[in-house]
Structure formats: C-alpha cells, structure tokens
Amino acid sequence: MKHGAHLLYSFVLFVLDFVGLAVAFSLAYFIRVKLDDRPLLEPITAQGYMAVIAVLLVFWLVIYALLGLYRARVFENRFKEALLLLIGSFIGILFLIGSEYVLNRAIFPARLVTVYGFALAFFLTLLMRTIARGVRRRLFARGIGVTNVLLVGATRITTEMINQLRDPRLGYVIIGIVGDQRSAVMKTDTHTHYPSFHEAVHGIAKQDLHSIIQTELYPDATRNDEILEYAQQNHIAYRFVPGNGQLFTGNIDVDLFEGIPTISVHQTALVGWGRIAKRIFDVVGSLLAIILLSPLFVVLYALLKIVDSGPAIYTQERRTRFDDVVHIYKFRSFKMSVNNLPVDEALEVVGQTKLAHAYRQGDDSVPVDTLLHPLGKFLRMTSLDEIPQLFNVLQGSLSLVGPRPLVPREMDTFNQKNIILSVKPGATGLAVISGRRDISFEERRKLDLYYVQNWSFFMDIVIILKTVVVVMKRAVSKGSVD
C-alpha cells in the first residue's frame with residue numbers, strides 16, 4: 001500500500017537488529033578474550049572473528065524474518081515479540097554453532113563466547129526494539145507516521161472500532177465515517193460524516209487516505225464492489241468486517257472447493273495433530289509442574305489442616321468437553337461450615353442475601369471474603385487454591401490452557417456453550433491473563449470463544465507465561481498494599 005510507515009518501521013527494526021547482534025557478539029568476544037585470562041580454544045583475531053560473524057548474522061536475521069519479527073502483527077504485540085526474539089536467538093546461536101562444522105573451521109575462540117553472544121543478542125535486540133517502540137509512539141502522538149482510516153458503515157462494530165482506534169499509541173487516525181446520518185452511531189460520533197462513499201472520496205484527498213475499513217456490507221453488491229475497486233486502484237489498504245460474528249472470530253481457511261474459491265469456518269482449530277500435541281504438552285507440563293511444586297503442595301496441605309479443620313482438598317463439579325461432567329480439585333479456601341454448600345447458599349447462610357442474588361443472576365465476581373477461612377484469602381489472591389488442578393490435567397479431565405471450566409448453572413446462561421464445550425476447559429486461559437474478575441461474564445465468554453476458534457500451540461505458550469507474570473504481579477501488589 002502507498003502508506004509505507006509500517007514498511008519503514010520494519011526496515012528500521014531490521015537495521016537495529018543487525019546492529020544489536022553485531023554489538024552483542026563484539027561484546028561477547030571482548031568479555032571472554034580480553035577480560036578473561038583463561039586459555040582459548042582457538043587463537044582467532046578480532047578482525048577474523050567479526051568478518052565471519054558479520055556474514056553469518058545475515059542468516060540470523062533471515063531466521064527472525066521467518067518467525068515474523070518484521071510483521072506488524074508481531075512487533076505490535078510486545079509479549080509475542082519478546083518470546084519470538086528469544087526463540088529466534090536460540091535458533092540463531094544453534095545456526096552459528098552448526099556453521100563451524102559446515103565450514104570446517106573454528107569461528108569462536110572459546111565456548112563462552114556463544115553463551116555470552118546468545119544472552120547479549122536477546123537482551124540488546126529486545127532493548128533496541130523497546131526504544132524504537134517508544135520513539136514510534138512519540139511520533140504517533142505528534143501525528144507523524146499515522147495511518148488515516150475511513151470507516152464505512154454505521155453499526156455496533158463501527159462503535160467498537162472507533163473506541164479501539166482512539167488510542168493514539170496505535171497510530172491510527174479516523175478521518176471520516178460513511179453511513180446513514182440517522183443511525184445512533186452517526187448522531188453521537190464527533191468525526192467527519194459522509195452520507196455515501198462517493199461523497200467521502202470527493203471530500204478526502206487520495207493522498208490523505210491510507211486505509212478503508214468496511215464495517216457494514218451493503219445488500220447492493222455494486223456498492224461493495226465500488227469501495228473495493230477504489231481501494232485497489234488507489235493502492236489503499238482495505239479490510240471488511242463480516243456481518244456474521246462467528247465468521248469474524250472463527251478459524252478461517254480460504255481454499256478452492258471444486259475450483260471455486262470458498263471460505264471454510266471451523267468450530268475450532270484444535271483438531272488432528274494439534275489435539276495430540278496439546279495432550280502431550282499437558283502431560284509433560286503438568287508432570288514437571290507437580291514435581292517442582294511438590295514442596296509447596298506439602299506445606300499448603302499442612303497449613304490448611306492447622307488453620308481450619310476438615311479436608312484440605314475438595315472437588316467441584318464442572319462442565320468439560322462435549323458437555324461431560326468433571327470434578328476438579330482445589331485447595332479448600334472456604335470455611336468448613338459453608339464448604340459443602342453452593343456459593344449462593346453459603347452467602348445466604350452468612351447473611352449476604354444481595355450478594356447471593358447477584359451470584360444467581362450470573363455474576364460470579366461477587367466478593368466472598370466472609371466465606372473464607374484465614375488462609376483462604378491468600379490462596380485465592382495468589383491462585384494457589386487452583387494448583388491441585390494439575391492432577392486434573394495429568395489425568396486428562398482438564399488441559400493446561402483452555403476456556404474457564406464452568407459450573408452447569410453458569411454454562412446454561414451462555415447461548416454459545418456448545419462451541420466452548422468443543423474443547424477441554426483449562427487450568428488457565430485468556431480470561432485469567434485479561435483480568436478474570438475485573439471483566440464481565442460476557443467478556444470472559446467472548447475470550448473463551450475466541451480461544452476455542454483461534455487456538456494455536458504458540459497461543460498456549462504465551463498464555464502460560466503471561467499467567468505466571470499475572471499471578472506474581474497480583475501477589476506482589478497485594479503484598480505491598482497489606
């Protein structure tokens with residue numbers, strides 16, 4: 001497209017990555033060879049070392065490119081970018097080590113140079129990209145490098161799009177909206193409005209329009225064709241939002257069916273080998289976690305026996321894949337006097353009638369502090385009450401990552417439960433890393449639905465890593481307040 005801000009930024013990242021990698025391996029050589037008095041494996045000069053490294057680093061950058069590190073969908077996501085940089089750096093250092101055997105010559109004067117090089121390469125490229133992101137956002141705030149967007153349509157999705165693009169850090173500026181002037185969107189919005197696409201293109205200079213997002217497809221196909229043709233002829237980026245919400249969030253394949261282009265929408269991407277790989281990952285991951293956390297299990301079990309008489313672990317009935325019933329394990333956080341009662345009934349017992357009513361209406365974020373024993377608040381705040389679910393994962397009734405396992409009452413209030421129930425629920429998921437109890441029931445179900453329809457192995461890794469970060473932040477922040 002004619003607006004080359006993303007392309008320019010990708011090129012800047014490419015240059016910064018090369019500089020960062022060159023500096024990293026220069027420092028690695030200097031630290032090991034100049035600052036370390038231990039003998040070297042090979043007497044390689046700095047000039048000869050850097051001459052070979054400079055060439056091989058080009059292939060390192062190719063690895064970065066193949067991982068998508070120069071695509072907007074990656075460098076716009078800080079966490080995903082960092083994870084891919086780590087993976088790319090690991091593959092890159094393996095490539096350099098393997099190059100010694102292929103070239104049949106020594107490249108590194110000592111083994112520690114590769115260790116230092118790997119660590120410094122990841123740190124410096126991540127640092128430079130973080131600085132570049134900060135500079136880019138400052139430029140966006142000043143209107144430099146922004147993408148001018150024309151929205152076509154006046155629907156609920158249009159309002160959502162306006163709210164999303166309002167953040168100046170994203171680098172988008174809405175320069176007009178095309179739609180029915182009588183619609184609620186057009187009456188409340190403050191952007192420039194156009195009654196038709198024809199009037200919009202005459203009111204906006206071609207060089208000022210970089211992207212068209214159509215949030216409403218017209219019944220008249222010629223009107224849709226007019227918008228698409230204008231975008232193609234004037235080299236303007238074009239996107240449209242399908243009218244069907246399931247198509248919008250679903251897992252989509254575009255292919256040929258008997259020679260005719262078709263769009264296939266799958267209920268979930270978790271099929272075939274993906275399901276097998278996920279199960280292997282669940283078994284290995286849960287087994288390792290159980291072994292590593294076994295001292296914590298013992299300590300918490302003993303403390304629970306001391307703090308409140310009764311069983312330390314209890315089970316809850318939840319729905320799992322294909323609407324089967326599963327009993328998940330938890331450390332007991334409720335007082336024994338109310339432990340065997342449903343939450344709403346337990347709230348009634350302690351006199352919290354209003355909270356009980358709210359819980360029955362589907363609000364499972366109501367405060368339940370009055371039901372907790374002395375250790376229960378800590379367990380729930382740190383999510384340690386849920387670590388026994390690792391045994392559910394090991395036995396196969398849960399997955400490490402998936403939709404939140406819901407009780408039958410909660411699931412019955414959701415009209416798309418069959419889609420969510422097409423995969424196993426998870427010990428963690430998108431709702432956990434997105435705020436869980438700080439977002440509404442509907443938002444959590446949307447996140448579950450998105451996960452089911454857009455699953456990927458990489459997404460699972462990201463969610464697990466973010467879960468660790470979220471739990472640690474929650475514990476630290478709570479500890480500082482207390």
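The values are calculated or read from the model by the stated rules, or taken from the named source; none is laboratory data. Note that this is a predicted model, so its numbers are computed, not measured. Note that we place each Cβ from the backbone using ideal geometry, even for glycine, and neighbour counts take in every protein chain shown.
For the condition surrounded by fewer than 21 Cβ atoms within 10 Å (Cβ to Cβ), at pLDDT below 85 and closer than 17 Å to Glu216 by Cα, what is the one hit in Asp167, Asp180?
Matching residue, one of Asp167, Asp180: Asp180.
When residues of the stretch 23-70 are filtered for being outside any helix (DSSP H, G or I) and either farther than 19 Å from Ser89 by Cβ or polar (S, T, N, Q) (or both), how many remain?
11
It is to be established whether one or more residues within the stretch 71-91 are in contact with a Gly (Cβ under 6 Å, 6 or more places away or on another chain), not assigned by TED's automatic domain parsing to the domain that holds Met459 and not in a loop (DSSP other than H, G, I, E, B).
yes
List pairs: first residue in the stretch 61-84 and acidic (Asp, Glu), second residue loosely packed, with under 15 Cβ neighbours inside 10 Å anywhere in the structure, Cβ distance under 9 angstrom, at least six positions apart or on different chains.
Glu76/Leu170
Tally the residues that are at pLDDT 85 or above and either hydroxyl-bearing (Ser, Thr, Tyr) or closer than 18 Å to Arg380 by Cα (or both), restricting the search to the stretch 424-463.
Number satisfying all stated conditions: 4.
Can you list residue pairs whose Cβ atoms sit under 6 Å apart, with the first residue in the stretch 374-391 being under 13 Å from Met472 (Cα atoms) and the second being surrounded by fewer than 20 Cβ atoms within 10 Å (Cβ to Cβ) and of a type in the set (A, V, I, L, M, F, W, C)? Count only pairs 6 or more apart in sequence or on different chains.
Thr382/Ala475; Ser383/Val471
Considering only residues of the stretch 312-324 that are free of Cβ contacts under 8 Å to residues at least 24 places away in the same chain and over 15 Å from Phe378 (Cβ atoms), which is surrounded by the most Cβ atoms within 10 Å (Cβ to Cβ)?
Thr315
Please count how many residues of the stretch 115-162 are surrounded by 19 or more Cβ atoms within 10 Å (Cβ to Cβ) and free of Cβ contacts under 8 Å to residues at least 24 places away in the same chain.
0
Quick one: which residue in Leu371, Leu421, Leu379 is modelled with pLDDT under 75 and under 25 Å from Lys305 (Cα atoms)?
Answer to the check: Leu371.
Which of (1) out of contact with any Ser or Thr (no Cβ under 7 Å at 6 or more places or on another chain); (2) in a helix (DSSP H, G or I) does Ala106 not meet, given it meets every other one?
So Ala106 meets the others, but not (2).
Scan Val23, Val58 and give me the residue that is at pLDDT 90 or above, β-branched (Val, Ile, Thr), within 30 Å of the chain's Cα centre (by Cα) and surrounded by fewer than 18 Cβ atoms within 10 Å (Cβ to Cβ).
Details: Val23 fails: within 30 Å of the chain's Cα centre (by Cα).
Criteria check complete, one pass: Val58.
Quick one: in the stretch 255-306, which of the residues that are among the β-branched types (Val, Ile, Thr) and within 24 Å of the chain's Cα centre (by Cα) is modelled with the lowest pLDDT?
Val265
Does the stretch 313-332 include one or more residues that are modelled with pLDDT under 75 and either on the phi > 0 side of the Ramachandran plot or aliphatic (A, V, I, L, M) (or both)?
So in the stretch 313-332, the residues modelled with pLDDT under 75 come out as 319-324.
Retained after the next criterion (residues that are either on the phi > 0 side of the Ramachandran plot or aliphatic (A, V, I, L, M) (or both)): 322-323.
Yes, some residue in the stretch 313-332 is modelled with pLDDT under 75 and either on the phi > 0 side of the Ramachandran plot or aliphatic (A, V, I, L, M) (or both).
Assess whether Leu247 counts as being at pLDDT 70 or above and of a type in the set (A, V, I, L, M, F, W, C).
no
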